[in-house]
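Take a look at the structure set out below.
The values are calculated or read from the model by the stated rules, or taken from the named source; none is laboratory data. Nothing here was measured: the structure is a model prediction, and the numbers come from that model. With ideal geometry, Cβ positions are generated from the backbone for all residues, glycine too; neighbour counts draw on all protein chains shown. Side chains are part of the model used for accessible areas, which takes the heavy atoms of the whole protein and leaves out ligands, DNA and RNA. Shrake-Rupley method; radii C 1.70, N 1.55, O 1.52, S 1.80 Å.
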Amino acid sequence: MDDMLKDFVIEALELSNDVEDRLLQLERRPDDPEAINAVFRSFHTIKGGAGFLNLSGMVSACHLTENLFDAIRTGTVKVTPLAIDAALQASGFVADLLHQLNAGVAPEELPEMPVALEQALTAAVNGSAVAVPSAVAATPAVSLAEVVEAVTDSGWEIFDQAYVSDPADPVDWLAYFRAVSGSADMVQAPAPAPAKSVDVAPPPSSPAKTVTADPAAPAAPAAPVAAPAPATGWDGVDRRKETAEESIRVDAHKLDALLEVAGESVQAANQASVLLEKLQQFKFEGAAATLMSTLSETLGRASRYAGELQRATLATRMQPVGRLFQKFPRLVRELARELGKEVDLVIEGAETEVDRVVVDSLYEPLVHMLRNSLDHGIEHQAERVAAGKPTRATIMLKAWQEANSVMIVVSDDGRGLDPERIRAKALGNGLIEANAQISDQEAFHLIFRPGFSTKEVASSVSGRGVGMDVVKTAVEKHRGTIGINSTMGCGTRFSIRLPIEMSIVPMMLVRASGAALGLPLALVDRVVELPADFEGVGGAPILRNQGQNLPVRSLAENLGYEAGQARVGVVIAAPTPYVLTLDAVDGTADLVIKPLTSVAACGISGTTRSAEGELVLVVGLAFLLNGAIA
């Protein structure tokens, strides 16, 4: 993909995402002129770039949608469900084409606008009592004088006017000039004609440009001239001008490499500080003492700068969860319509920032949670009325920062989870024993088991027992935890806790059978003293602590080491808490973790180095959540 096409795809994707949000806003507030103008300008801007790149299918879809919203702006067409549906279909089609381009599909291989989409947009435009200009109307003729005036007023110059003076030439050279020069009021699309080249001389302060028009490529029919956008409006071209000097696009892999170097710098500075402390235990005199003082000061400054570099680099990876949340209103709208339910999706905390890796990986889990909430949790209108609830249900998607974690909550006001029904289904599936005594919370967590579903018949939405298993796997992969609170008749709340950033992990440094190991601090509930002898239940050792009977497991033995002399225990905050026995606890530290890629080790997910430079093996989160059982 060349740079021009790549820049167009990135910017057009941003515009298409904004369009979808605006359309859903417009569905709730049909008389919002700001939303109407924003949708019109976004399609207009995408059409301009697509026309220049000869993306005919995209131009056609944008052109007809632009016609629709021009008619809405002028009052000849009202905002109706038909218009919103057609515009959403157009937005989806444009986004699909952009994603195909982003995946490496050649522009000439992109499909044309589907007939069904064309019919939907045409029907939406013709829904008004006042006639709207046909999408196949001829392009109004543009005189040579108009072209020359527009070019010269912009400080440019036409080398050879013969190219644009042919009265039989159907090419709208004025529209092409405006598209290339960035004029915000370009509203006409070129009509088919033989390819020609027009050499335009830019102002002296700009490098020369050559514009090649290829009207032979399929293009959308011309649109009627629209009124210019209000002065306070937003336009893609203006946006580029305003932000060109404020931001740049950097490949994510380069940021990852920079973060790794920054993390190594901090670790090296920490190790140097430890060595300096050991040196300061000796007595230095004269010049040596002066050098030691200077070394201490210099090392302190280096450590401070390394830390600032690491924090600044981490900030570049942070993205608002709103980038993820904005994809869900349309999903909820369409699925609710398919299920025959009335649902409002309320989003809060979209500005909360989290590591981009987390943002990119949470889309599928949240989709499963929203689909389950709509299908399993939200009742139909008659059932809600009988329960004394509003006919329109509410699903809340909320995010906020809490200490060094980000909380993401999905809640609904539906029927809630039935623990007895879950127990019965789990018993029937052989997931629990008939005499098993499990609490309601433990019953709720059974829905995360692979293949578990309380639905008798699977549908296109849910019922195959896959969704919640995917959610749990994705959350744990990123060192997160998920909790459930549910009340019958009132609703269900899923709470996901994730670390804000992924590369630096708070660790508890421990020793087991002489090996240096690291436990994710997020799973450490407390440290306990071990008795000389343990009580036994069913032949298995337990520790009574804070009113709980906690199973006792040896970290060394479960990792395959020889059993050592365990002197201390750590209570692991797993779904079923337990005690992990260790030789010693050496302290805590925020460390840069490097995952194991070419070597598989039971229970070990990565490596790091302590401040003293010692290699530390990081115990895997999934291993600990599974009860320290491989």
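Quick one: count up the residues across region 334-353 that are under 22 Å from ARG493 (Cβ atoms) and either assigned to a helix (DSSP H, G or I) or of a type in the set (Lys, Arg) (or both).
The total comes to 4.
Please find, among GLN281, GLN310, the residue that is part of a loop (DSSP other than H, G, I, E, B) and polar (S, T, N, Q).
GLN281
Tell me yes or no: at least one residue of region 488-505 is over 30 Å from GLY388 (Cα atoms), touching a residue at least 40 places away in the same chain (Cβ under 8 Å), more than 28 Å from the chain's Cα centre (by Cα) and open to solvent by less than 70 Å² (accessible area, probe 1.4 Å).
no
Can you tell which of GLY451, GLY428 is out of contact with any strand residue (DSSP E or B) (no Cβ under 7 Å at 6 or more places or on another chain), modelled with pLDDT under 75 and not polar (S, T, N, Q)?
GLY451
Is it the case that ARG392 is surrounded by fewer than 17 Cβ atoms within 10 Å (Cβ to Cβ), more than 25 Å from PRO499 (Cα to Cα), modelled with pLDDT of 90 or more and of a type in the set (Lys, Arg)?
So ARG392 passes the test.
Please go through region 354-388 and give me each residue that is more than 22 Å from MET468 (Cβ to Cβ), assigned to a helix (DSSP H, G or I) and open to solvent by less than 20 Å² (accessible area, probe 1.4 Å), ordered by number.
ARG384
Filter region 551-563 down to the residues that are buried (at least 17 other Cβ atoms within 10 Å of the Cβ) and either without any contact (Cβ under 8 Å) to a residue 24 or more places away in the chain or within 25 Å of VAL505 (Cβ to Cβ) (or both) and list them by number.
Of everything in region 551-563, those that are buried (at least 17 other Cβ atoms within 10 Å of the Cβ) and either without any contact (Cβ under 8 Å) to a residue 24 or more places away in the chain or within 25 Å of VAL505 (Cβ to Cβ) (or both) turn out to be ARG553, SER554, LEU555, ALA556, ASN558, LEU559.
From the list LEU68, LEU88, LEU82, which residue is open to solvent by 10 Å² or more (accessible area, probe 1.4 Å) and either modelled with pLDDT of 85 or more or not in a helix (DSSP H, G or I) (or both)?
Exactly one residue qualifies, and that residue is LEU82.
What is the one condition in (1) farther than 27 Å from ARG337 by Cβ; (2) in a helix (DSSP H, G or I); (3) free of Cβ contacts under 8 Å to residues at least 24 places away in the same chain that GLY49 does not satisfy?
Exception for GLY49: condition (3).
Considering every residue within region 601-614, establish whether at least one is open to solvent by 40 Å² or more (accessible area, probe 1.4 Å) and either in contact with a Cys (Cβ under 6 Å, 6 or more places away or on another chain) or of a type in the set (Ser, Thr, Tyr) (or both).
yes
Any residue that is within 26 Å of ARG392 (Cα to Cα), open to solvent by 40 Å² or more (accessible area, probe 1.4 Å), assigned to a helix (DSSP H, G or I) and of a type outside the set (Asp, Glu) - is there at least one of those in region 27-46?
Taking every residue of region 27-46 in turn, at least one turns out to be within 26 Å of ARG392 (Cα to Cα), open to solvent by 40 Å² or more (accessible area, probe 1.4 Å), assigned to a helix (DSSP H, G or I) and of a type outside the set (Asp, Glu).
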